[in-house]
Amino acid sequence: MTDSRFAPPGPLGFGGAPLGNMFDVVDDATAEEALAAAWDTGVRYFDTAPHYGSGLSEHRFGNMLRTRPRDEYTLSTKVGRLLLPDPRGAENPPFVQGLPFRVEHDYSYDATMRSIEDSCQRLGLARIDVAYIHDVAEDHHGAAWEEVFAQAMTGAARALMALRDQGVIKGWGLGVNRVEPCELALQQSDPDVFLLAGRYSLLNQPALGRLFPMCLERGVHVVVGGPYNSGLLAGGKTFEYAEAPPEMIARRDRIAEFCELHGVDIRAAALQFCAAHPAVAAVIPGAKRAAKVRENARLMREPIPAALWSDLKDTGLLPKEAPTPG
């Protein structure tokens, strides 16, 4: 490792997409209870974004975090989408009943500066700690993603590096669901941390072979989002926000059999596997309710016998080279 950059505190953080009314409505009281439970269980890293409920998640985070000592937690949000007033209440799937703003992609320098200021106002806080360039990848921009990525590097990345150099933020990176833009960012720019969702989990590890070694070499940290693969590892039927393919269900079921054999909750294995890699600073499962938040905290501490990891590797369900807890 050549140097070590700013890292959000872990091993467990709080992902803010569910509190933007992702897929269904969460009332304000329930959201407040979930955030308070996160704080009470020791979580000190909170991640949100303008995209989540068209500003709703940021509002809710700010309402809770304004009552906590500012220097005791790390807060990240994202850039790449501006929110424009829209009395008609424009749709912003997969979020429902968000705030009355229309989302507009803009990865330019000026829009990034405005986005940071807008987020601070929605949060009611004077600063954030980390800013991620949001969804600058193929899953959101299709075949044109590399062109959009290039725009983000000359615009948003340049703005965020200036803010970091001025001490306005502590670090910046990408918040994406693909490894390719992270690899390009390491080759072309100077990021501190990536938020990578669904690309390092108990079910699949495309970040393991190339991206994570690059991060370790540069001292760049990774926050793992989607440790349950959008629900499949937590008893659900979805994988990457769609109906899970049969091969992934079968793989999940085989892993679950070994977990049951060793008396381990598969969700505990999912969380702790993600956190075990030395490139990973924090894991941020989303949660809508306080009970789920407390459960995630318990699962992150649940004892797991080394024999489980040996069995998963011996049967090819995990790569031999994947770091495991303990």
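Would you confirm whether or not the range 178-191 contains a residue that is closer than 25 Å to Ala269 by Cα, open to solvent by 10 Å² or more (accessible area, probe 1.4 Å), outside any strand (DSSP E or B) and touching a residue at least 12 places away in the same chain (Cβ under 8 Å)?
Yes, that holds for at least one residue.
Every residue in the range 296-326 that is acidic (Asp, Glu) and in contact (Cβ under 8 Å) with a residue 24 or more places away in the chain, please.
Matches in the range 296-326: Glu302, Asp311, Glu321.
Please specify each residue of the range 122-177 satisfying the condition of being open to solvent by 10 Å² or more (accessible area, probe 1.4 Å), free of Cβ contacts under 8 Å to residues at least 60 places away in the same chain, closer than 22 Å to Pro8 by Cα and not β-branched (Val, Ile, Thr).
Across the range 122-177, the qualifying residues are Ala126, Arg127, Arg158, Met161, Ala162, Leu163, Arg164, Asp165, Gln166, Gly167.
In the range 222-244, which residues are of a type outside the set (Gly, Ala, Ser) and open to solvent by 40 Å² or more (accessible area, probe 1.4 Å)?
Residues of the range 222-244 that are of a type outside the set (Gly, Ala, Ser), as a first pass: 222-224, 227-229, 232-233, 237-241, 243.
Correct list: Lys237, Thr238, Glu240, Tyr241, Glu243.
Let's see how each residue does on (1) among the small types (Gly, Ala, Ser); (2) in contact (Cβ under 8 Å) with a residue 40 or more places away in the chain; (3) out of contact with any Pro (no Cβ under 9 Å at 6 or more places or on another chain):
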{"position": "Leu65", "(1), (2), (3)": "no, yes, yes"}
{"position": "Pro69", "(1), (2), (3)": "no, no, yes"}
{"position": "Glu72", "(1), (2), (3)": "no, no, yes"}
{"position": "Lys78", "(1), (2), (3)": "no, yes, no"}
{"position": "Asp86", "(1), (2), (3)": "no, no, no"}
{"position": "Glu91", "(1), (2), (3)": "no, no, yes"}
{"position": "Ser108", "(1), (2), (3)": "yes, yes, yes"}
{"position": "Ile116", "(1), (2), (3)": "no, yes, yes"}
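On the phi < 0 side of the Ramachandran plot and touching a Cys at 6+ places or on another chain (Cβ under 9 Å): is that true of Ser189 in this structure? Reasoning before the result, please.
Values: on the phi < 0 side of the Ramachandran plot: yes; touching a Cys at 6+ places or on another chain (Cβ under 9 Å): no.
Spelling it out, it is not the case that Ser189 is on the phi < 0 side of the Ramachandran plot and touching a Cys at 6+ places or on another chain (Cβ under 9 Å).
Taking the range 109-121, which residues are among the polar types (S, T, N, Q) and either at pLDDT below 95 or open to solvent by less than 50 Å² (accessible area, probe 1.4 Å) (or both)?
Thr112, Ser115, Ser119
Is it the case that Phe61 is in a strand (DSSP E or B), closer than 17 Å to Arg289 by Cα and either within 15 Å of the chain's Cα centre (by Cα) or touching a residue at least 12 places away in the same chain (Cβ under 8 Å) (or both)?
no
So Glu32 passes all but one of these: (1) surrounded by fewer than 23 Cβ atoms within 10 Å (Cβ to Cβ); (2) touching a Pro at 6+ places or on another chain (Cβ under 6 Å). Which condition number does it fail?
(2)
So, Gly209, is that one over 16 Å from the mean Cα position of the chain (by Cα), assigned to a loop (DSSP other than H, G, I, E, B) and modelled with pLDDT of 95 or more or not?
Answer is yes for this residue.
The values are calculated or read from the model by the stated rules, or taken from the named source; none is laboratory data. Computed from a prediction, not measured in an experiment: that's the story for all the values here. Note that each Cβ is placed from the backbone with ideal geometry, even for glycine, and that neighbours are counted across all protein chains shown. Ligands, DNA and RNA are stripped out before the accessible areas are found, and what is left, the full protein with its side chains, is counted by its heavy atoms. Shrake-Rupley method; radii C 1.70, N 1.55, O 1.52, S 1.80 Å.
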